[in-house]
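What follows draws every value from the coordinates through simple rules; no lab data is involved. In this text, all values refer to a predicted model and were calculated from it rather than measured experimentally. Every residue, glycine among them, receives a Cβ derived from its backbone with ideal geometry; neighbour counts consider all protein chains shown.
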Amino acid sequence: MALPMASTASDLDRFYREEFGRILATLIRVLGDFDLAEEAAHDAFAAALEQWEREGTPLNPRAWIIGVARHKVIDRIRRQARFDSRREELIRMAESDSSDSPDGENAFRDERLRLIFTCCHPAIADDAKVALSLHTLCGRKTEEIARAFLTAPATMAQRLVRAKRKIRAAGIPYEVPSAELLSERLASVMAVIYLVFNEGYTASSGDRLMRTDLCAEAIRLARVLVELMPSEPEPRGLLAMMLLHDSRRDARVDQQGEMVLLEDQDRARWDRGQIAEGLALAQCAGRIECAGPYAAQAAIAAEHSRAIDAEATDWKRIAELYERLSELSASPVIELNRAVAIAMAEGAEVGLALIDSIAGRGDLSDYYLLWAARADMLRRLGRWSEAAESYTMALGLVGSAPERRFLRRRLEQVTRQNSQLG
Amino acid sequence: MQYMLLIYDSEADSKKRPDAEKKAEYEGYMTFTREIAQAGKLKAGDPLEPSTTATTVRVRNGKTVVTDGPFAETKEQLGGYYMVEAKDLDEAISIAARIPTSKYGSIEVRPVMKINM
């Protein structure tokens, strides 16, 4: 049964990352218990580390892990001295053959989908949804997630424990929601994935502008969702949008780690393969007239990806797409983006008026990009001292170090211009 | 599983509601209670007298300390409860969303702890 080649720790690590979510999902179904399934999966992976290195990787590693996990569960339950009314039932479940499903891949698919919906249930706190999804679906260890979100491992561990306890105690179902709940719940799942991506794309704090590892995880989760729900257009839109944004990762920072604006990026450094995949998915996500919010955002990202240089960007079309997006999900941030697109198409004067009307409502007064965008309009109009004021406002609100340095450079530039005037 | 559905509403706002609305709300409660009872989901349920009638009891150093009013002053007050049987949290949520007060107040859904005796 065993292959002659012994597997290394890094082989197993890759296998763990790729398969942990599926294996856990199967064990949860077999055992009906999140915690127990997780313990059993970890026990089985520990056994694999020891045995596979010595004897080689088994022919069907996934089945091997699941089989070992079931034995470990039975051992664990038998060892527990305290009386538990569920003991016999759990042993029976672990012994049953139900994990050898006749449907094969299809069954695995359904199980992972159920797990996604459980991890992103609206009754779980947002930060815990993210942690739980990365932990169970991407096989990320607690310490890795803590590092990615700049949290202490103990805090992250507690967050995970609390979420898992809630799943069990509150009776959060382990199933794909019924038809009438599906679109709402799917939106919650996509929001979690987008949250992971956004934190990676523009880190809210820290030394680096991006955390490409988080972007990659979000893309992986979205791929799972697209694979699991092939007839839903919005997951495709979400995946397309993320692929297109992420394709620019190498051009977004220079060699010194400084931020490079879209218009100044070296487009030869964009990931063409990823763009092709993103554009194809964006097209699949549906015609823009009937698209949902993610598909609309994918269409906007696609416009940038298609432009051979900054001048060739169809800003008029982008402004229209933002308008469409506003109709789907009105938000002041979308309005701000639309204002910037209009400014690019019709001039900074028009953009400034729109931004000022958004600012006047006070919704975004704590949002650094509002001030950065306003400052940029004033800079383009040569109104140096007003631009300096807005850059200063933005600097007081901005998160990551590279963005702060970028704004400081612009502030110095307009201040210099202003003093030359005077 | 059993869930406790705790009904919270602002007593101050509730007083200001016109009589016709109060009547409709009362009828809404009657219909809802009848429906969940017929579906076999209802374990118990009652409205409570207003929080101004509440008394808080603490025993400290063997002495019973009684104070007027609820345990904590909050914007919304506990005004009633249902104890229901539901398959999982999603079913409990869908029952809670049918409680008339959910349209302006809040319903806290709490699983009942199972104790093996």
Per 10 Å bin from zero, what fraction in whole % of the C-alpha pairs of the protein assembly as shown is there, up to the bin with the longest pair? 3, 13, 21, 22, 19, 14, 7, 1, 0
Using each residue's phi in segment B:72-80, evaluate 6.51 cos²θ - 1.76 cosθ + 1.60 at θ = phi - 60° and report the 3J(HN,Hα) Karplus result to the nearest Hz, with x for Gly and Pro. 9, 6, 9, 5, 10, 10, 5, x, x
By count of other Cβ within 10 Å, fewest leading, how are A:211, A:185, A:404, B:58 ordered? B:58, A:404, A:185, A:211
Could you give the dipole magnitude of chain B about its Cα centre, charging the beta-carbon of Lys and Arg +1 and that of Asp and Glu -1, in debye to the nearest 20? 340
Gaussian network model of chain A, Cα within-10 Å springs - most flexible of A:250, A:363, A:126: A:363
Connecting every pair of Cα atoms under 10 Å apart in chain A and solving the GNM, the largest mean-square fluctuation among A:51, A:255, A:283 falls on A:255
What's the center-to-center distance, using Cα atoms, between segment A:33-66 and segment B:21-59 in Å? 51
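For a quick check: sort A:393, B:83, A:377 by the number of other beta carbons within 10 angstrom, fewest at the front.
B:83, A:393, A:377
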Please report, in debye to the nearest 20, how large the charge dipole of chain A is about its Cα centre when each Lys and Arg carries +1 at its beta carbon and each Asp and Glu carries -1 there. 820
Taking only the alpha-carbon positions of chain B and ignoring solvent, what does the Debye formula give for the base-10 log of I(q)/I(0) at q = 0.17 Å⁻¹? -0.92
At R0 = 41 Å, FRET efficiency that the Cβ-Cβ distance of residue B:12 and residue A:182 yields, to 0.05: 0.60
Cα-Cα longer than 19 Å, checked against A:141/A:164; B:41/B:75; A:166/B:87; A:129/B:41; B:43/B:103, kept in input order, equals B:41/B:75; A:129/B:41; B:43/B:103
Normalized C-alpha radius of gyration of segment A:285-380, against 2.2 N^0.38 Å? 1.08
With only alpha-carbon pairs counted, each pair once and no self-pairs, how large is the Kirkwood hydrodynamic radius of segment A:187-266 in angstroms? 13.2
I'd like the per residue volume of the convex hull spanned by the Cα atoms of segment A:180-325, given in cubic angstrom. 112
More than 15 Å apart - percent of Cα-Cα pairs taken over segment A:23-68: 39
Using alpha carbon coordinates only, what is the Rg to Rh ratio of segment A:149-223, with Rh defined as the Kirkwood radius? 1.05
Specify the angular offset, from 0 to 90 degrees and rounded to the nearest 10, of the alpha carbon long axis of helix A:105-119 from the longest principal axis of the alpha carbons in chain A. 60
Phi to ³J(HN,Hα) by Karplus 6.51 cos²θ - 1.76 cosθ + 1.60 over segment A:336-346, Hz, x for Gly, Pro: 5, 4, 5, 4, 5, 4, 5, 4, 5, 7, 10
Rounded to whole angstrom, the alpha-carbon centroid of segment A:290-336 lies from that of segment A:148-197 at a distance of 29
Of A:197, A:239, A:226, farthest towards positive along the dipole that unit charges on Lys, Arg, Asp, Glu beta carbons give segment A:189-327: A:226
Dipole size in debye (nearest 20) for segment B:54-117 around its Cα centre, Lys and Arg Cβ +1, Asp and Glu Cβ -1? 280
Residues whose modelled amide H sits under 5 Å from the amide H of residue B:45, counting only those 5 or more places away in sequence or on another chain, are B:83
Looking only at A:41, A:345, A:222, which one moves most when chain A is put into a Gaussian network model with springs between Cα atoms under 10 Å? A:345
Chain A, relative contact order in percent, only Cα pairs under 8 angstrom and at least six apart counted: 10
Selected from A:27, A:170, A:326, residue furthest toward positive end of dipole (the protein assembly as shown; charges at beta carbon): A:170
Could you list which residues have their amide H under 5 Å from that of residue B:77, counting only those 5 or more apart in sequence or on another chain, with H placed in the peptide plane? B:9, B:10, B:11
With θ set to phi - 60°, apply the Karplus curve 6.51 cos²θ - 1.76 cosθ + 1.60 along segment A:268-277 and write out the HN-Hα couplings as whole Hz, x wherever there is a Gly or Pro. 5, 8, 6, 7, 5, x, 5, 5, 4, 5
Using the count of nearby Cβ atoms within 10 Å as a rough guide to exposure, how do B:26, A:391, A:368 rank from fewest to most? B:26, A:368, A:391
Using only Cα atoms, tell me the angle between helix A:179-201 and the longest principal axis of chain A; keep it within 0 to 90° and round to the nearest 10. 60
